[in-house]
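Everything below concerns the one structure shown next.
The values are calculated or read from the model by the stated rules, or taken from the named source; none is laboratory data. Since this is a predicted model, take the numbers as computed values, not measurements. When we count neighbours, we look across all protein chains shown, and the Cβ atoms used for this are built from the backbone with ideal geometry, even at glycine.
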Amino acid sequence: MALTCEVCGGPIRDMPNRISIDGAVLQVCQNCVGHGTLLTPPAPKFRLSRARPMPRGVFAEPELEVDPDYNSIVRHAREKMGLTQEALGRAINVKPSVISHVESKKMKPDLILARTLMHYLKVNLLVPSSELEESR
């Protein structure tokens, strides 16, 4: 899984740079180093040239996909919390029409929106891809 820059969201191709912006420590790409104060990197605990590569798939995080029943999960959780689509949209900083489209299955949430909804509504919307393939 590739690292992403915490400022621009782009992939970090080389070693990540650690910078401080208003006291927050962020891992950023080379292009975003100028946005903060560069922190000195900690001394490596091992030599990169002598480290053996990790076997593929041994410690890999499972690929996650949005549950096919996402629309009813979101609607029931929102109603259980007593929220309108407008209130939920305001709470997670999206337009109410996005919530409406998700609940009517006109729009499948991307992983970021799914995680935001999961956090706010206290539900699980992501399932491993392998479980979806088995049920098909």
Inset, instruction - Scan the stretch 78-112 for residues that are in contact with a strand residue (DSSP E or B) (Cβ under 9 Å, 6 or more places away or on another chain) and buried (at least 18 other Cβ atoms within 10 Å of the Cβ) and report the count. - result: 1
Inset, instruction - Enumerate the pairs (first residue in the stretch 17-31 and among the basic types (Lys, Arg); second residue anywhere and assigned to a strand (DSSP E or B)) with beta-carbon separation below 7 Å, excluding pairs fewer than 6 apart on the same chain, so at least 6 apart or on different chains. - result: ARG18/VAL25; ARG18/GLN27
Inset, instruction - Scan the stretch 33-55 and give yes if some residue there is at pLDDT 85 or above and within 24 Å of ARG115 (Cβ to Cβ), otherwise no. - result: no
Legend entry - Lone unmet requirement of (1) loosely packed, with under 14 Cβ neighbours inside 10 Å; (2) modelled with pLDDT of 85 or more; (3) not small (Gly, Ala, Ser) for ARG75: (1)
Legend entry - Residue list for the stretch 112-126, restricted to those being touching a helix residue (DSSP H, G or I) at 6+ places or on another chain (Cβ under 9 Å) and within 15 Å of ARG75 (Cα to Cα): LEU113, ALA114, THR116, LEU117, HIS119, TYR120, LEU121, LYS122, VAL123, ASN124, LEU125
